[in-house]
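Readers should treat all values here as calculations from the given coordinates under stated rules, not as data from a laboratory. Quantities reported herein were computed from a predicted structural model and do not represent experimental measurements. As a convention, Cβ positions derive from the backbone with ideal geometry for all residues, glycine included, and neighbour counts pool all protein chains shown.
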Amino acid sequence: VQADDEAGRTWSVLLDLGNGALGPLQRHVDPAALDAVALSHLHADHVADMPVLGVLLRYRPGPRRVDRLDVWGPAGTLERLAHLAGKDPAADTSPTFAVHVWDPEAPVVVGPMVLTPMPVLHSVPAFGVRVVGPSEDDPGRRVTLVYTGDTDAGPDLDALAAGADLLLCEASNVDGRDDAHRGVHLSGRRAGEAGARAGAGRLVVTHVPPWNDPADAAAAAREAYAGPVDVAAPAATHLL
Ligand SMILES: [Zn+2]
Ligand SMILES: [Zn+2]
């Protein structure tokens, strides 16, 4: 997520860095120019490339924007990242990351953006993130991107998503096939219902596993949500 401040400097926040994400990320932003990383939760598909990012930041020659990149996540993030890197978590010697624990009462300011973590329903402690920042077209107007991370439906999701201009919403499951696994993930239909209840301006479904057809997830969302629905795709850009 990127936004410019009044001086024209572009600020960049990375929302999760799962397996395989660091490579394509570099087509869009120099990892050394990131201002913060916001981790929704510690499942591997959301954090697995973090130690690889750490290697890049530590060893790639050239300037870095900050000495230690701010990383926000749930309790245990420091320890999990150390384990993934094969390091002793008792020794906080990371030369690359400054790890902080999310506090829903303490929104995080990153340049012109404010990130508010909100707990959501998943199989492990997990947060969605509300990102509020200046509109691309009208910087005096504040717009809201909501990223659900992994979650099923419920009051936590509704509180997170309320009023989003863009709801980036997971849609992992297929109704009928995955009904035994409630409380962990949304389906396309439940993503659509969440968007409708939130009054979201647009819905982008993501986290569709490769064994599902993303078009089915989008179609299921459209049955419940009347606004525009897109499937998240590499290199897709959404201006708010
Ligand atoms: Zn998960
Ligand atoms: Zn996941």
Check your understanding: Remind me, relative contact order of the stretch 176-240 in percent, using alpha carbon pairs under 8 angstrom and six or more residues apart?
Key -> 38
Point to revise | Ranked list, fewest to most other Cβ atoms within 10 Å of each Cβ, for Met118, Met50, Met113 | key: Met118, Met113, Met50
Review point. Roughly how big is the chain's charge dipole about its Cα centre, with Cβ charges of +1 (Lys, Arg) and -1 (Asp, Glu), in debye to the nearest 20?
Key: 380
Revision key, fill the gap. Residues meeting the amide H criterion for Trp102 (H placed from the backbone, H to H distance under 5 Å, 5 or more places apart or on another chain) are Gly73, Ala75
Check your understanding: Looking at the stretch 92-161, which trypsin sites (Lys or Arg not before Pro) are DSSP coil and have at most 15 other C-beta atoms within 10 Å of their C-beta?
Key -> Arg141
Point to revise | Estimated 222 nm signal from helices in the chain, with DSSP H stretches of n ≥ 4 weighted -39500 (n - 2.57), rounded to 500 | key: -6000 deg cm²/dmol
Review point. What ranking do 148-158, 67-77 get when scored by the average of other Cβ atoms within 10 Å per residue, highest first?
Key: 148-158, 67-77
Check your understanding: Could you state the principal axis extents of the C-alpha atoms in the stretch 1-105, from the largest down, to the nearest angstrom?
Key -> 40, 37, 24
Point to revise | Percent RCO, i.e. relative contact order, over the chain, from Cα pairs under 8 Å lying at least 6 residues apart | key: 13
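So what's the convex hull volume per residue for the Cα atoms of the stretch 115-206, in Å³?
Taking only Cα atoms, the stretch 115-206 has a hull volume of 77 Å³ per residue.
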Study note, to complete from the structure: Cα extents of the chain along the principal axes, largest first, in whole Å, come to 50, 43, 34
Practice item. Give, in nm to one decimal, the length gained when the segment between His181 and Ala90 is fully stretched (0.36 nm per residue of separation minus the Cα-Cα distance). Key: 29.2 nm
